[in-house]
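*Asks:* The following block contains the structure, expressed as structure tokens.
The values are calculated or read from the model by the stated rules, or taken from the named source; none is laboratory data. Note that this is a predicted model, so its numbers are computed, not measured. Cβ atoms come from the backbone with ideal geometry, glycine included; neighbour counts cover every protein chain shown.
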Amino acid sequence: MSLLSFLTYCVIATFTPGPTNIAILSIAHRVRIKEAFRYMFGATAAFGMLLAVSALFNQVMVAALPKIIVVMQIIGSLYMLYLAYQVSTMKLSGDADTQAATFKSGYMMQFVNPKIWLFTMTVIPGYVMPYYHSAAALSLFVVVITVIGFMAFMTWALFGMVFKQFLQRHQKATNIVLALLLVYSAIEVSGLLR
């Protein structure tokens, strides 16, 4: 397992702007940090739950159809290339729509966030399952990825204004670097270099 590629994918997928991160940025600007943290705890709880369900689902699929892992690696690679394209062409929106800064709204946001669905369904089979199969190992990776996600949410809440200004000033260069890192991750997951 390429730990560098795994961490690169996790950090890029969780730290780049997406619906949840932009909502947290907006909430952190409009309300007190206490409310932003309630929202983040809800988003983190749902993120961890979706990762756990993904790990369980993919483990069942691999047991039933052993060759499915190759298909999931290909799907994961294609998704990462798509994400690289999206990152390379994205524009940082102004402010996200104002949302209630509650645990429930943060939790529910993850279920309508396609970025989270695609990430949770590709990270476990693409990076973890080719090398680790035990429930303990999968659980550990779910916890590690959830912590990375929470750190991304905290970053957007605490330093959101700094990142927003930086991304607006250096948007093109930042997007290109992030897109190239995602292409690297896609190549690693595809198994083409093995």
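Yes/no per residue for (1) part of a helix (DSSP H, G or I); (2) out of contact with any Pro (no Cβ under 8 Å at 6 or more places or on another chain); (3) at pLDDT below 90; (4) within 24 Å of PHE166 (Cβ to Cβ):
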| position | (1), (2), (3), (4) |
| --- | --- |
| PRO17 | no, yes, yes, yes |
| ILE24 | yes, yes, yes, yes |
| ILE27 | yes, yes, yes, yes |
| GLY42 | yes, yes, no, no |
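*Asks:* When only residues in the range 138-194 that are at pLDDT below 75 and outside any helix (DSSP H, G or I) count, which is surrounded by the most Cβ atoms within 10 Å (Cβ to Cβ)?
*Replies:* Restricting to residues being at pLDDT below 75 and outside any helix (DSSP H, G or I), the top hit is GLY191.
*Asks:* Conditions first: (1) modelled with pLDDT of 90 or more; (2) closer than 19 Å to LEU50 by Cβ; (3) exposed (fewer than 13 other Cβ atoms within 10 Å of the Cβ); (4) not basic (Lys, Arg). PHE111 passes all but one, so which condition is the exception?
*Replies:* Failing condition for PHE111: (1).
*Asks:* Take the residues in the range 124-137 that are part of a helix (DSSP H, G or I) and within 20 Å of the chain's Cα centre (by Cα), then tell me which one is nearest to ALA63 (Cα to Cα).
*Replies:* Ranking the qualifying residues of the range 124-137, first place goes to PRO125.
*Asks:* A further question follows. For residues that are at pLDDT below 90 and touching a helix residue (DSSP H, G or I) at 6+ places or on another chain (Cβ under 9 Å), scanning just the range 56-70, find the one that is surrounded by the most Cβ atoms within 10 Å (Cβ to Cβ).
*Replies:* The extreme case among them is ASN58.
*Asks:* Can you tell me which residues in the range 13-45 are surrounded by fewer than 22 Cβ atoms within 10 Å (Cβ to Cβ), closer than 26 Å to TYR79 by Cβ and aliphatic (A, V, I, L, M)?
*Replies:* Result: ILE22, ALA45.
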